[in-house]
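Data block below; observations after.
FYI, it's all coordinate maths here, none of it is from the lab. Fair warning: this is a prediction, and the values are worked out from it, not measured in the lab. FYI the Cβ positions are ideal-geometry reconstructions off the backbone, even for glycines, and counts take in every protein chain you see.
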Amino acid sequence: MKAYLDTAVLVAASVADHPHHSQSLAILQMVRKKAMTGHISGHGLSETYAVLTRTPFTPPIYPSEAWKLLSMNVLPYFQIVTLTALMYRETTQECADSGWIGRRIYDALHCAARRKQLAIASTLSTSAISNSWRRIWQTASVPLRTCMVVD
């Protein structure tokens, strides 16, 4: 089984005090044990680093620690999904045509990577499961499995 994990799941798995740490860590461990093939977009990898290093966690996560978390827990176990220039263009155009603004473009990029990989999605993002996003996520004819949802 293929699983696409977004930034929210990887951050929660990396931060012991996160409210969804245990659920996210369980999914990460399934990938590490090869019960699932893990996928993350190149964008998602960079976004995970950014969130880990900029969020005011106590104690803070310094750049070297964030890199260690990613290099030990993600990179050896996940396939990085890259988008083509055309996929970026189409995704951006789809957001513009739908009137979406701001950071929703980044969720759309996760959707595009997930579609490319035809993986079951694991997300904490409620925007990723709104009606408009559900249509996008399901275009690959692979079920959306929302492992954790923040209400």
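Sorting the segments 31-37, 97-103 by their mean number of nearby beta carbons within 10 angstrom, highest to lowest, gives 31-37, 97-103.
Taking other C-beta atoms within 10 angstrom as a stand-in for reagent exposure, HIS110, HIS21, HIS39 fall in the order HIS21, HIS39, HIS110, fewest first. Answer rounded, prolate or oblate for region 1-66, using the Cα gyration tensor with square roots of eigenvalues a ≥ b ≥ c: rounded when a/c is under 1.5, else prolate when a/b is larger than b/c, else oblate. Verdict is oblate for region 1-66.
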